[in-house]
Amino acid sequence: MTSTIETSKRTVRIGTRKSQLALVQTYWVKAELEKHFPDIEFEVEKMSTQGDKILDVPLAKIGDKGLFTKELEVGMLNNSTDFAVHSLKDLPTNLPEGLMLGCVTQRVDPADALAVNEKNKDKTLATFPEGSVIGTSSLRRLAQLRHHYPHLEFKDIRGNVNTRLAKLDAGEYDGIILAVAGLQRLNMSDRIHEVISPEVSLHAVGQGALGIECRAGDEEILKILKVLEHSDSSDRTMAERSFLRELEGGCQVPIGVNTTIDNDSLVVVGMVASLDGKQLLKNTVTGKKQDAEQLGKDLAAKLREQGAGDILAKIFEEVGRG
Ligand SMILES: NCc1[nH]cc(CCC(=O)O)c1CC(=O)O
């Protein structure tokens, strides 16, 4: 008589949004972890978030933090999932009690990109004629582009990356602004018509990196996630998130950043702008990368001294506090 011994694999459950970009990112994380932990079974749980459901309202008007993360967080808190993969830029700077940012993966290019349709192949942001219509749903992109290109028109655009490109190609816009990172991950690098320089548009906090959220102090999961942690990306985004945390007031605001690490030295550039792009404040701090969190706070303090508080207060009045 023969008997078979069933070795039961430990199962770890990953929460994700259902958008194509979210799935590409989640399956990348899953594949990487499977290489390191062949004895663990990783399962993917696809969930819809508020942000995926409300598609007809400008993002800035919905305002609420955690639009793309809340349902995934509930899943971890009630133990139906063990961790969630997010675009770090969609993850609020303050997480719910009981959860933590367990891992920041290696960041790709965090810049913004211009995509154009067939009839504008010969244009760039700098050469678009007066009145050309540029689509973006981000107040940060809107304010900075208005500042540099006041003759262009800006129109809100919602939906996932594919939906936005379809609207562009249908002629609703002359160009749209998207993250380089998203287009690259979706194998759509051919749609990157122009990479926008940090002089024109500072990127969003956390852009280009994945943030993996898990239960606070879940050592078993943290040990697994640690293999994907990228130290410089983690330090840079820690400073960026600390900067945003110090400045934001519960709604989407035109705040941009750029960070670089050279040996142990971390440089953080930060920007706050008014919605019309007329006021645009910038400053820079430099320090040790070990002091990332404090550097973010210092930068926020510098911008407040320059008058960022007044700009933000006015925006909260105009857009509402979410
Ligand atoms: N707001 C949605 C979102 N969240 C993350 C990305 C791109 C990938 C990234 O920044 O890591 C995008 C699309 C975009 O801004 O074009």
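Annotations
- Taking the criterion of being in a loop (DSSP other than H, G, I, E, B), of a type in the set (A, V, I, L, M) and surrounded by 10 or more Cβ atoms within 10 Å (Cβ to Cβ), the only residue of segment 115-130 that qualifies is Leu125.
- Residues in segment 132-154 that are away from the ligand (no atom under 16 Å from the Cβ), more than 15 Å from Val200 (Cα to Cα) and out of contact with any Asp or Glu (no Cβ under 6 Å at 6 or more places or on another chain): Glu153 alone.
- Selection within segment 70-110: residues that are buried (at least 21 other Cβ atoms within 10 Å of the Cβ) and among the small types (Gly, Ala, Ser). The member of this set that is farthest from the ligand (Cβ to nearest atom) is Gly102.
- Filtered residues of segment 278-322 (kept if among the acidic types (Asp, Glu), over 16 Å from Ile261 (Cα atoms) and out of contact with any strand residue (DSSP E or B) (no Cβ under 7 Å at 6 or more places or on another chain)): Glu305, Asp310, Glu317, Glu318
- Residue that is nearest to the chain's Cα centre (by Cα) [pool: residues in segment 154-167 that are part of a loop (DSSP other than H, G, I, E, B) and crowded, with 16+ Cβ neighbours inside 10 Å]: Asn160
- Number of positions in segment 201-226 that are in a loop (DSSP other than H, G, I, E, B) and within 16 Å of the ligand (Cβ to nearest atom): 8
- Search result, residues across segment 168-200 that are within 13 Å of the ligand (Cβ to nearest atom) and assigned to a loop (DSSP other than H, G, I, E, B): Leu186, Met188, Ile192, Ile196
- Residue in segment 84-92 that is in a loop (DSSP other than H, G, I, E, B), in the same structural domain as Ser19 (by TED's automatic domain parsing) and under 14 Å from the mean Cα position of the chain (by Cα) present: yes
- Among all positions in segment 219-241, there is at least one residue which is in contact (Cβ under 8 Å) with a residue 40 or more places away in the chain, among the β-branched types (Val, Ile, Thr) and crowded, with 24+ Cβ neighbours inside 10 Å.
The values are calculated or read from the model by the stated rules, or taken from the named source; none is laboratory data. Quick caveat, the model's predicted, so the values are computed rather than measured. So basically every Cβ, Gly included, is an ideal-geometry build from the backbone, and we count neighbours across all protein chains shown.
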